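The values are calculated or read from the model by the stated rules, or taken from the named source; none is laboratory data. Since the structure is predicted, the reported quantities are computational estimates derived from the model, not experimental observations. The accessibility values were calculated without ligands, DNA or RNA, using every heavy atom of the protein model including side chains. Shrake-Rupley method; radii C 1.70, N 1.55, O 1.52, S 1.80 Å.
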Amino acid sequence: MIPVCRLDDLPAGESVRIDTTPPIAVFNADGELYAIDDTCTHQDASLSEGWLEGCLVECPLHAASFDLRTGRPTCLPARRAVRTHRVTVDDGMVHVHVASEVLAEVAAEEEGTAA
Ligand code: FES
């Protein structure tokens with residue numbers, strides 16, 4: 001789980017980039033928070049610098065559009081999806097749960113249940 005910023009610092013229509021490896025972009029789409037891998041799957045553009053419209057972000061370089069809910073591109077030239085990550089807000093602080101960490105947490109929970 002990675003702390004991102006205070007919710008107050010990420011108003012609707014804004015995004016923030018986290019310098020993870022690979023980098024992750026967090027968006028506030030009309031009050032709903034989404035996190036996806038920041039790097040466009042077409043080339044090397046930063047999606048956090050793209051244009052947000054509803055639940056879609058348009059790549060600033062060649063205008064491929066990605067659905068923030070699924071990570072899937074909705075038009076060319078991008079063909080591959082970006083990863084999506086779970087976002088939570090705890091005590092006013094936005095956190096991203098990186099996809100691989102989520103899987104590890106689920107595995108740990110399942111182990112706990114089985115024991
Ligand atoms: S780099 Fe994103 S559409 Fe080309």
Percent of alpha-carbon pairs separated by more than 26 Å within the chain: 20
Accessible-area composition of the chain, carbon plus sulfur, in percent [1.4 Å probe]: 49
From the C-alpha gyration tensor of segment 1-52, square roots of 5λ in Å: 18, 13, 8
Average accessible surface area per residue within the chain, 1.4 Å rolling probe, Å²: 58
Within the chain, helix-based [θ] at 222 nm, where runs of 4 or more DSSP H residues each add -39,500 (n - 2.57), nearest 500: -4500 deg cm²/dmol
Long-range amide H partners of ALA64 with built H, under 5 Å: CYS59, ALA78
